[in-house]
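**Q** Have a look at this one before I ask anything.
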Amino acid sequence: MVALMLGVFYYEYSEFLHRFHSSLRIESKSFHRSEISSQVQMHTLLFKVVHDLEEATSLICFFFLCSQMTAMYYTLAAFMNPPGGWLSVPQKCEIAVVLALDPLSVIGIIACSSKINKEYQKCLKAITLLKGRLVMQQSSDREHILQYLAVMQEKQFPTLSAYGVVELNSKFVLGIFGSLFTYSLLILNLKK
């Protein structure tokens, strides 16, 4: 349930960024001070929301990731070195479900949070292209519009993290699978 909630929050916010990016491309057809001003206001709102989202979900995400990782390691240890030397069919089914769904829930959250950073990078690229096009055109509002675009470029969106301990990106997914693999090899060596 927690994974679903976090995934929905991150995915929906990334969709807002995607719509903002689309509106930037539409606005590039015409450069009017009032239109760019409304885009700056929207960008400021998105900037505030992403920081609020980071603050609200960071600790929850940290505890969720800790619990999922602990469950995965414990389950892996129970599978590779079962108490009593054997596992019953229900235990095998439970282990299979945990080993299948726990990594998927973590990967789902990371994929949704990575989409935010990807959409933010697209927005930065669109703003840079807008600035480049505006420099080539003559307009009475050019200096004001360039200032607005510079303000949007200066605001850095955070990369979402789990309470500042780990950034939620694809490198973290590779780290998870690397540590699970290393942990399984360690258990196999201890078993011998």
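**Q** Within segment 1-190, count lysine pairs with alpha carbon atoms under 21 angstrom apart where the residues are 8 or more positions apart or belong to different chains.
**A** Here the count comes out as 19.
**Q** If N is the number of residues in the chain, what value comes out of its Cα radius of gyration divided by 2.2 N^0.38 Å?
**A** On the way: Rg = 23.0 Å, N = 192, 2.2 N^0.38 = 16.2 Å.
Expressed relative to 2.2 N^0.38 Å, the Cα Rg reads 1.41.
**Q** For segment 1-107, compute Rh as the Kirkwood radius over C-alpha pairs and then the Stokes-Einstein diffusion coefficient at 37 °C and 0.692 mPa s; write the answer in µm²/s, rounded to an integer.
**A** Answer, rounded: 189 µm²/s.
**Q** For segment 121-178 and segment 1-68, what is the separation of their Cα centres, given in Å?
**A** Their Cα centres are 12 Å away from one another.
**Q** With r as the distance between the Cβ atoms of LEU190 and THR159 and R0 = 41 Å, compute the FRET efficiency 1/(1 + (r/R0)^6) and round to 0.05.
**A** 0.65
**Q** Report, largest value first, the span of the C-alpha coordinates of segment 101-152 along each principal axis, in whole Å.
**A** Principal extents (Cα only, largest first): 58, 16, 9 Å.
**Q** Right, next: When the gyration tensor of segment 146-187 is built from Cα positions, what are the square roots of 5 times its three eigenvalues, in whole Å, from largest to smallest?
**A** Largest first, segment 146-187 gives 39, 9, 4 Å.
None of the figures in this text is laboratory data; all of them are computed from the coordinates on show. All values reported here derive from a predicted model rather than from experimental measurement. Positions of Cβ are backbone-derived with ideal geometry, glycine not excepted, and every protein chain shown enters the neighbour counts.
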